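Working notes, beginning with the structure itself.
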Amino acid sequence: MTAAIAATPVDTLGRHMRDLRISVTDRCNFRCPYCMPAEVYGEHYTFLPKSQILTFEEITRLAGIFVELGVRKLRLTGGEPLLRADLPSLVSMLAGLPVDDLALTTNAHLLGRHAETLAQAGLQRVTVSLDSLDDEVFRTMNGRGFGVDATLEGMAAAERAGLSPIKLNCVVVRGVNDHTIVDLARRFRGTGHTVRFIEYMDVGNLNQWKVDEVVTADEIVERIRAEFPLEPLPPNYPGEVANRFRYRDGGGEIGVIASVSKPFCGACTRARLSTDGHLLTCLFAFGGTDLRTPMREGATDAELRDLIGGVWQDRRDRYSEARAGLISEDGHGPEVEKVEMFQIGG
Ligand code: SAM
Ligand code: SF4
Ligand code: SF4
């Protein structure tokens with residue numbers, strides 16, 4: 001029997017639920033090979049039908065329940081969240097909830113035309129994914145041949161709309177974009193924006209991840225430090241996933257997210273709501289708990305709260321910590337079925 005659900009549940013490893021990442025669409029205009037390889041998600045791939053996608057009212061209702069259970073940060077993601085029609089309406093609905101942070105993660109290709117309305121609707125921050133400034137590398141890494149200019153214009157629009165400083169996410173894949181990371185750091189030094197370099201992860205089942213394609217956070221820091229002296233900074237708050245470093249000359253800071261080489265499951269306070277209304281308690285989970293069906297069948301807020309709280313109380317996820325011991329001799333990750341990243345938004 002599940003124990004009574006606490007007002008703010010704690011999981012089996014003592015972790016609270018503080019962040020909710022909401023995937024608003026499983027569609028994307030990019031085909032980054034590390035996330036949605038074009039060979040698999042081609043022209044004829046069938047994405048979720050509208051009937052299975054949570055409506056804005058359903059998302060807002062669930063988000064309100066998550067907030068009652070302890071969530072303080074909401075992040076809209078996807079797929080590419082800017083492909084969801086009328087996203088500013090959702091933002092304005094969520095902006096009515098008592099949270100500390102309402103943010104969006106985007107590839108920013110379409111941000112130029114949406115930044116202002118999103119800011120007016122109450123969006124507080126954006127994280128922009130940008131893997132390289134080198135057009136050729138960028139085209140390869142988005143799998144669709146898009147140049148980098150639209151993303152940079154999207155960032156500029158976000159700045160004009162007051163959605164700054166911006167965090168940038170750069171997934172580093174050895175032999176693909178690692179030779180351009182120092183350029184990326186150089187470009188955003190002194191701008192107030194923070195580049196966060198992310199170790200390439202074995203998310204999903206399709207990116208053919210191998211451990212030797214991972215450039216470790218230590219190596220990333222060393223390469224940047226060789227050009228710009230750096231020193232470590234303490235976390236902004238307990239459980240911050242990025243390790244922070246400041247440029248000694250005052251040029252700002254960078255972050256590195258060592259999800260493979262130094263996993264941080266012990267401090268993981270993130271819940272994820274998939275586009276079709278499943279609750280996942282780990283980036284590497286599979287299946288999740290269906291919240292949409294009970295909600296559409298008339299569950300009360302109290303019943304949904306008990307369902308969500310119970311899942312969190314039973315949570316024992318620590319995939320990244322366990323991964324190290326499960327890598328095969330040829331460098332592949334563990335053979336377990338996982339959710340795809342674009343369905344839950346990373
Ligand atoms: N489409 C949006 C974007 O790219 O910003 C939001 C969704 S995307 C799944 C969220 C983040 O996950 C992005 O910053 C992306 O770079 C990161 N990501 C995707 N696949 C990854 C992988 N295999 N390893 C590390 N990060 C990954
Ligand atoms: Fe799309 Fe983001 Fe995945 Fe790239 S990382 S394919 S932009 S969802
Ligand atoms: Fe959290 Fe799962 Fe990532 Fe560990 S592997 S940090 S539990 S999402």
Check: Tally time: how many residues in the stretch 133-154 are more than 18 Å from Glu39 (Cβ to Cβ) and touching a Pro at 6+ places or on another chain (Cβ under 8 Å)?
Finding: 0
Item checked: Matching option when the condition is within 16 Å of the chain's Cα centre (by Cα) and open to solvent by 10 Å² or more (accessible area, probe 1.4 Å), among Arg18, Arg61 -> Arg18
Check: Pick from the stretch 168-201 the residues that are closer than 21 Å to Glu321 by Cα, part of a strand (DSSP E or B) and touching a Phe, Trp or Tyr at 6+ places or on another chain (Cβ under 8 Å): which of them is nearest to ligand 1 (Cβ to nearest atom)?
Finding: Val171
Notebook entry, point to check: For Asp330, are the conditions met, namely being in contact (Cβ under 8 Å) with a residue 12 or more places away in the chain, among the acidic types (Asp, Glu), farther than 21 Å from Tyr34 by Cβ and open to solvent by 20 Å² or more (accessible area, probe 1.4 Å)?
Noted result: no
Next item on the list: Select from the stretch 227-271 the residues that are open to solvent by 70 Å² or more (accessible area, probe 1.4 Å) and of a type in the set (Asp, Glu) and list them in ascending order.
Entry: Glu227, Asp249
Item checked: Members of the stretch 280-310 found to be surrounded by 22 or more Cβ atoms within 10 Å (Cβ to Cβ) and either charged (D, E, K, R) or more than 16 Å from ligand 2 (Cβ to nearest atom) (or both), listed by number -> Leu291, Ile308, Gly309
Note to self: If I ask for residues that are part of a helix (DSSP H, G or I) and surrounded by 21 or more Cβ atoms within 10 Å (Cβ to Cβ), which ones from the stretch 120-154 would you list?
What the structure shows: Met141, Asn142, Thr151, Gly154
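Tell me which residues, restricted to the stretch 202-221, are in a helix (DSSP H, G or I) and touching a Gly at 6+ places or on another chain (Cβ under 8 Å).
Residues satisfying the conditions are Val211, Asp212, Glu213.
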Check: In the stretch 191-211, which residues are within 15 Å of ligand 3 (Cβ to nearest atom) and at pLDDT below 95?
Finding: Met201, Asp202, Val203, Gly204, Trp209
Next item on the list: Within the stretch 222-241, identify whether any single residue is under 18 Å from the mean Cα position of the chain (by Cα) and assigned to a helix (DSSP H, G or I), and answer yes or no.
Entry: no
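The values are calculated or read from the model by the stated rules, or taken from the named source; none is laboratory data. Since the model is a prediction, treat every value here as computed from it, not as a measurement. When we count neighbours, we look across all protein chains shown, and the Cβ atoms used for this are built from the backbone with ideal geometry, even at glycine. What goes into the accessible areas is simple: the full protein's heavy atoms, side chains included, and nothing from ligands, DNA or RNA. Shrake-Rupley method; radii C 1.70, N 1.55, O 1.52, S 1.80 Å.
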